[in-house]
Amino acid sequence: MDWTLAAAGQPAAEVCFCRLNVALVLGLDAGDLVLEAYEAQIGAPLTDRGWWDLVAAARVEPDLHSWTQSANYFGPPDVTVQDVADRFERFLRGALAST
């Protein structure tokens with residue numbers, strides 16, 4: 001089952017969580033495209049993006065080791081644990097720099 005924790009909430013939290021998911025699977029540039037598409041749709045920059053990226057990272061970090069399996073299922077089959085860890089680290093550094 002998917003979406004076991006679905007709820008109405010802060011759109012920025014969901015955008016940044018989706019952005020991080022895509023970044024872990026396909027790379028940070030692909031995650032940035034999610035953000036760019038959302039901002040184009042709303043016609044404005046996402047407010048407090050660094051904060052919401054940190055919220056997304058906090059949701060992912062406890063299960064980071066399992067993301068490689070998801071990345072290989074949804075994306076390129078050769079994504080390694082190190083790839084995911086490196087992408088997460090770069091995403092986190094970018095979030096911290098944006099706060």
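Throughout, read-outs are computed from the coordinates displayed, never taken from laboratory work. Quick caveat: nothing in here was measured; it's all calculated off a predicted structure. Positions of Cβ are backbone-derived with ideal geometry, glycine not excepted, and every protein chain shown enters the neighbour counts.
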Rounded if a/c under 1.5, otherwise prolate or oblate - region 9-56, Cα gyration tensor axes: oblate
Distance (nanometres) between label positions extended 7 Å along Cα→Cβ at Asp32 and Ala13: 2.7 nm
Answer label for Cα extents along the principal axes in Å (calculated), chosen among (i) 86, 26, 19; (ii) 37, 24, 20; (iii) 36, 32, 23: (iii)
Folded to 0 to 90 degrees: helix 81-98 orientation relative to the chain principal axis, Cα: 20 degrees
Residue-count net charge about Arg59 - beta-carbon cut-off 13 Å; Lys, Arg +1, Asp, Glu -1: -3
Net charge of Cβ neighbours under 13 Å - reference Thr68; Lys, Arg +1; Asp, Glu -1: -3
Length released on extending from Ser98 to Glu61, taking residue separation times 0.36 nm less the Cα-Cα span: 11.4 nm
